[in-house]
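The values are calculated or read from the model by the stated rules, or taken from the named source; none is laboratory data. What you are looking at is a predicted structure, and each value in this text was computed from that prediction instead of being measured. Cβ placement follows ideal geometry from the backbone for every residue including glycine, while neighbour counts extend to all protein chains displayed. Ligands, DNA and RNA are excluded from the accessible area calculation, which covers all protein heavy atoms including side chains. Shrake-Rupley method; radii C 1.70, N 1.55, O 1.52, S 1.80 Å.
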Amino acid sequence: MDLVQLDIAAIKQSDSQNNAYVLLLNETVGNRQLPIVIGWCEARSIAIAIDGTEEPGRPLTHDLFKSFCERFDIIVKQVIIHKLVDGVFYSSIICDRDGIEEIIDSRTSDAIALATRFDAPIFTYENILE
């Protein structure tokens, strides 16, 4: 299956769910969009990483994870949104440490929050976009 690269287009408050946000991902080459419902904390974390102007007084969870990875020479190489079941997206974080690749299961919102901090690309499969 072919991977399709995605870019973060916007984060909007959900019209249908309280304290939920919609993360809009656009395919890098093309016009399709993948909307993913995420929680307030993850939306804020992603927005802070993208915007870069707000600096929380203490590290957010995703910042802590990045610091941990840097301390132990772990690199987040990419995120893959690999499955959609009953409206729930499933993702993997692809990491590298000393040339050894590891795949870590993750909630999609957390995986994307980490991808923004590591400047790692985000991918999905063609069938999920369809």
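Would you mind listing how long the chain runs along its three principal axes, going by Cα atoms, in whole Å with the largest first?
In descending order, the Cα extents are 39, 38, 26 Å.
Taking the Cα atoms of the range 21-63 alone, what are Rg (to one decimal) and Dmax (as a whole number) in Å?
Calculated on Cα positions, Rg and Dmax stand at 12.6, 39 Å.
Could you name the lysines whose alpha carbon sits less than 24 Å from that of residue 66, not counting residues in the same chain fewer than 8 places away?
Counting by Cα, and skipping residues close in sequence, residue 66 has these lysines nearby: 77.
Positive end of the dipole of the chain, charges at C-beta (+1 Lys, Arg; -1 Asp, Glu), about the Cα centre: which of 78, 21, 109 has its Cα farthest in that direction?
Looking along the dipole axis, the top candidate is 21.
First select every other residue whose beta carbon is under 10 angstrom from the beta carbon of residue 90; then total the charges, Lys and Arg +1, Asp and Glu -1.
Details: positive: 83, 107; negative: 105.
The answer is +1.
Please list 3J(HN,Hα) in residue order for the range 42-51, calculated via the Karplus relation 6.51 cos²θ - 1.76 cosθ + 1.60 where θ = phi - 60°; whole Hz, with x for glycine and proline.
Per residue, the Karplus-derived 3J(HN,Hα) values read 5, 4, 5, 4, 5, 4, 5, 5, 6, 6 Hz.
Grab the Cα-Cα distance for residue 77 and residue 7, subtract it from 0.36 nm times how many residues apart they are, and report the gain in nm with one decimal.
Numbers: separation 70, 0.36 × 70 = 25.20 nm, distance 1.52 nm.
Difference between extended and current length: 23.7 nm.
In terms of the Cα gyration tensor, with a ≥ b ≥ c the square roots of its eigenvalues, is the range 42-83 rounded because a/c is under 1.5, prolate because a/b exceeds b/c, or oblate?
Working: a/c = 2.30, a/b = 1.19, b/c = 1.92.
Here the range 42-83 falls in the oblate category.
Using a cut-off of 9 Å between beta-carbons, work out the net charge of the residues near residue 42 (Lys and Arg +1, Asp and Glu -1, residue 42 not included). Can you show the working numbers first?
On the way: positive: 44, 107; negative: 110.
Within the 9 Å Cβ shell, the charges total +1.
Multiplying the sequence separation of residue 101 and residue 18 by 0.36 nm and subtracting their Cα-Cα distance, what value in nm do you get? Display every interim value, and only then the final one.
On the way: separation 83, 0.36 × 83 = 29.88 nm, distance 3.82 nm.
In short, 26.1 nm is gained.
So for the range 7-130, averaging the separation of alpha carbon pairs under 8 Å that are six or more residues apart and normalising by length, what relative contact order in percent results? Don't jump to the answer; show the numbers that get you there.
Details: 205 pairs, mean separation 25.5, N = 124.
With pairs under 8 Å counted, the relative contact order is 21 percent.
Given axes a ≥ b ≥ c from the Cα gyration tensor, I'd like to know whether the range 79-130 is rounded (a/c under 1.5), prolate (a/b larger than b/c) or oblate.
Numbers: a/c = 1.99, a/b = 1.78, b/c = 1.12.
Prolate shape, in that a/c is at least 1.5 and a/b is the bigger ratio.
Please state the charge dipole magnitude for the chain, taken about the Cα centre, from unit charges on C-beta atoms (+1 on K and R, -1 on D and E), reported in debye and rounded to the nearest 20. Display every interim value, and only then the final one.
Details: 11 positive and 21 negative charges, 63 e Å.
Using Cβ point charges on Lys, Arg, Asp and Glu, the chain gives about 300 debye.
Would you tally the net charge around residue 124, using a Cβ to Cβ cut-off of less than 14 Å, leaving residue 124 out, and scoring K and R as +1, D and E as -1?
Details: positive: 32, 83; negative: 2, 7, 27, 126, 130.
Once positives and negatives cancel, what remains is -3.
Please compute the modelled spin-label separation between residue 128 and residue 40, points set 7 Å along Cα→Cβ, answer in nm with one decimal.
So the two model labels end up 2.7 nm from each other.
In deg cm²/dmol and to the nearest 500, what is the mean residue ellipticity at 222 nm of the chain if only DSSP H runs of at least 4 residues count, each as -39500 (n - 2.57), divided by the residue total? Don't skip to the end; give the middle numbers.
Working: 4 runs with 38 residues, N = 130.
The per-residue figure over the chain is -8500 deg cm²/dmol.
Check residue 32: other-chain or 5+ apart residues with amide H under 5 Å from its amide H, H built from backbone geometry?
27
How do 25, 84 rank by accessible surface area computed with a 1.4 Å probe, from largest to smallest? Display every interim value, and only then the final one.
Numbers: 25 0, 84 80 Å².
Result, largest first: 84, 25.
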